[in-house]
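Notes to accompany the following structure.
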Amino acid sequence: MLDSAYRLLWVGGDWDDFAAENLGGPARASRVLGSNLMDHVAGAEAQEVMADILNDVQETKRSFRMEYRCDSPEQRRDMRMTVTPMRHDRLMVTHDLRDARSLPAVGPGWRWEKGAWDCKCSFCGFLRRTDGWVDPFETGLRHPEVVDYGVCPTCRQVIEKELERIRKAGRAG
Ligand SMILES: [Zn+2]
């Protein structure tokens, strides 16, 4: 749950598991309350996109929904994020696991580093290659251990479309 300035008022359920796997120790639930959600979003582009989503939900008072991926080195995990407007400009952000499939590991793991050569999409986990974006589980190559996070064109389109939908619904009243 976020307050009107996107500070974490409350985190529930899966946050500790999620943080342990994706963010590392310092982001554990007890320590993040009061911090800004943006401080937990890796990568400038992903931050920008998340800010757009939160702003639009706040303004339109409509729920935003999108499917995304949050893989581990040996598991493809299909997730859904929902951002729901609440009273007093608060926002509820939920992440639901839709499907998880174990696959041959693509490497020992990866971590975020600003400005890293390899770019990974925050929303689908695809890696940027010179000839396009690819699913790391389908390349047969070892996953880079250091990545910067970005947003691939496909996810940008999906997000833009969903934002358009809620803006339109918002205008309709
Ligand atoms: Zn993507």
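The values are calculated or read from the model by the stated rules, or taken from the named source; none is laboratory data. What you see is a predicted model; the values in this text were computed from it and never measured. When we count neighbours, we look across all protein chains shown, and the Cβ atoms used for this are built from the backbone with ideal geometry, even at glycine.
Details
- For segment 57-66, the set of residues classified as in a helix (DSSP H, G or I) and either surrounded by fewer than 20 Cβ atoms within 10 Å (Cβ to Cβ) or not assigned by TED's automatic domain parsing to the domain that holds T84 (or both) consists of Q58, E59, T60, listed by residue number.
- Any hit, segment 111-129, residues being of a type in the set (F, W, Y) and within 24 Å of N36 (Cα to Cα): yes
- The one condition in (1) modelled with pLDDT of 95 or more; (2) under 21 Å from E48 (Cβ atoms); (3) more than 15 Å from the chain's Cα centre (by Cα) that E145 fails to fulfil: (2)
- Pairs linking a residue in segment 123-141 that is among the aliphatic types (A, V, I, L, M) to a residue that is at pLDDT 95 or above and part of a helix (DSSP H, G or I), with Cβ atoms under 7 Å and 6 or more positions apart or on different chains, are L127/P136.
- Some residue of segment 81-94 being of a type in the set (A, V, I, L, M, F, W, C), away from the ligand (no atom under 14 Å from the Cβ) and either farther than 20 Å from M38 by Cα or touching a Phe, Trp or Tyr at 6+ places or on another chain (Cβ under 7 Å) (or both): yes
- Per-region count, segment 140-163, residues surrounded by fewer than 17 Cβ atoms within 10 Å (Cβ to Cβ) and either assigned to a strand (DSSP E or B) or hydroxyl-bearing (S, T, Y) (or both): 2
- Residue check for M86: free of Cβ contacts under 8 Å to residues at least 60 places away in the same chain and among the aliphatic types (A, V, I, L, M): no
- Checking R167 against (1) under 29 Å from L9 (Cβ atoms); (2) modelled with pLDDT under 95; (3) not small (G, A, S), the condition it does not meet: (2)
- Options F123, F137; residue that is within 16 Å of the ligand (Cβ to nearest atom), closer than 30 Å to L9 by Cβ and either of a type outside the set (D, E) or part of a strand (DSSP E or B) (or both): F123
- In segment 75-118, the residues that are basic (K, R), surrounded by 16 or more Cβ atoms within 10 Å (Cβ to Cβ) and within 17 Å of the chain's Cα centre (by Cα): R76, R77
- Checklist (1) more than 14 Å from the ligand (Cβ to nearest atom); (2) modelled with pLDDT of 95 or more applied to K114, failing item: (2)
- Within the span defined as segment 97-111, every residue fails to be near the ligand (Cβ under 10 Å from one of its atoms) and not hydroxyl-bearing (S, T, Y).
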